[in-house]
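Structure below; questions to follow.
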Amino acid sequence: MRPDEVLDDLVARGQEPGGAVAVVRGGEVEVDHAAGTRGADGAPFTCDTLVMTYSVAKPVAACATLSAVADGYLELDLPVAEVWPDYAAHGKSGTTVRHLLSHAAGLPSFPPEAVDVAFDDRDTLVALLAGAEPAHAPGVEVAEHALTYGHLLDEVVRRAGAGSLADRFARVAAGAGWDLHLVVPETALPRVAEVTVLDPASWPSAYLEDPRWGPALGRPRGLLDPAVLNSTRWRRTSFPAIGLHATALALAAFHDDLLRPDGHVAGALGHELWTAYLEPAASGHDRVLDRPVTWSLGHQLDEEELPNGRVQREIGMGGAGGCAAWAVVDEGYGAAYVGRGLGSHDRSGAIWDAVTATAGRSR
């Protein structure tokens, strides 16, 4: 089936209450399809509906950080403590901006004291990170910085005098025409989909009871709770590790653009940083994902062997709720799936299979 047909089938079978899929190649839209409803009121999920995407946000947060490097505020190998002195506590003085970007800083979760901190108490959360003891020496291992990624990068960028990640990326997105938001503008709030749990028996317990994911996603409390995620307070808060609200088309366009040396991202970063953004930066057995991972400065890099034996090189990221966005290097396209159902990655896997089967040209 085509990607749009797969999405329609997921909605018809009750496996996705509302979502969208998009494919963009060389700036040309090949797929842009939505199905289902936007929320409990039954309004249709349309191609301009925004969805909270969890870790699909991380490449966007990284892009904003790299734009600060491009503008001369930071350097990739600058020790974080040079702009954030308190961060040197507990042996973290050797941590660099590069370590933060590549999930090699050793702070995959907020400390236990963060459990009862409000998600929008940014100052307290940042102070807890500065005083935290790392899980490993910087640069020695990798572990996805599930919730901490955005706060670490945002604080470094702010202390360097480059503003916030949300504001920096908003300027990049506006210039490119991408409907991607680390903070949802008030005027866009009516377009945001309500997230809903697909299987109450497994969400959020499958994460919170896991010894790896529980600390990574449970501090601060509430960020797997639809009541929190559907609030205006959350949508208007910058939580850059997971708080990206996006359309499928904008994510597909962003990932398509990543592949082009004449694209908006390359233009904002310059050729050297654009190349570094996409190339391997750190690899190993990821302590949180519990599998071998190669990280660039913001993305996961994967090589998938297809049924026909061809190896497909991908740059992308998936989110805890099931959303995903990726670029396929050799085929030259970007693709994305967003859905308001909170559940496993089975839905994005089915969409990925359909996109791969229909979008690839050198099968």
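For the chain, what Kirkwood radius comes out of the mean inverse Cα-Cα distance, in Å?
Mean inverse Cα-Cα distance, inverted, gives 20.2 Å.
Taking the Cα atoms only, what angle lies between the long axis of helix 248-258 and the longest principal axis of the chain, rounded to 10 degrees?
For 248-258 against the chain, the angle is about 60 degrees.
Could you tell me the relative contact order of segment 3-359? Use alpha-carbon pairs under 8 Å, at least six residues apart, and round to a whole percent.
Over segment 3-359, the number comes to 26 percent.
I've got another one for you. Tell me, what HN-Hα J-couplings in whole Hz come from the Karplus equation 6.51 cos²θ - 1.76 cosθ + 1.60 at θ = phi - 60° for each residue of segment 135-141, using x for Gly and Pro?
Going residue by residue, I get 6, 7, 5, x, x, 8, 9 Hz, with x marking Gly and Pro.
Below 8 Å, C-alpha to C-alpha, sequence gap of six or more: please give me the relative contact order for segment 131-212 in percent.
RCO, segment 131-212: 13 percent.
Run the quick spin-label model on SER205 and ALA135: label points 7 Å from Cα toward the beta carbon, then report their separation in nm to one decimal.
2.4 nm
With a/c under 1.5 counting as rounded, go ahead and sort segment 114-200 into rounded, prolate or oblate using the C-alpha gyration tensor (a ≥ b ≥ c being the square roots of the eigenvalues; past the cut-off, prolate if a/b is larger than b/c, else oblate).
oblate
Between VAL115 and ASP290, how high is the FRET efficiency from 1/(1 + (r/R0)^6) when r is the Cβ-Cβ distance and R₀ = 30 Å? Nearest 0.05.
Step by step, r from the Cβ atoms, then E = 0.85.
Starting from the Cα-Cα distance between ARG233 and GLU5, subtract it from 0.36 nm times their residue separation and give me the gain in nm to one decimal.
78.6 nm
At R0 = 25 Å, how high is the FRET efficiency between THR275 and ALA357 if r is their beta carbon distance? Nearest 0.05 is fine.
It comes to 0.25.
Now for a separate question. Using alpha-carbon pairs under 8 Å, 6+ residues apart, how would you state the relative contact order of segment 208-363 in percent?
Dividing the mean separation by the residue count of segment 208-363 yields 18 percent.
Based on the alpha-carbon gyration tensor of segment 159-304 and its eigenvalue square roots a ≥ b ≥ c, which shape applies: rounded if a/c is under 1.5, prolate if not and a/b is larger than b/c, or oblate?
Oblate.
Can I ask one more? Could you tell me whether segment 1-47 comes out rounded, prolate or oblate from its Cα gyration tensor? Rule is a ≥ b ≥ c as square roots of the eigenvalues, rounded for a/c under 1.5, then prolate if a/b exceeds b/c, otherwise oblate.
Judged from the Cα gyration tensor, segment 1-47 comes out oblate (a/c at least 1.5, b/c at or above a/b).
Still on this structure: Quick one: if you stick a label point 7 Å off each Cα along the C-beta vector at SER93 and ARG310, how many nm between them?
The modelled label-to-label distance comes out at 5.3 nm.
Here, each number is a calculation from the coordinates, and none is a lab measurement. Predicted model, so just to flag it, every value in this text is computed and none were measured. Neighbour counts are summed over all protein chains in view; Cβ atoms, including those assigned to glycine, are modelled from backbone coordinates with ideal geometry.
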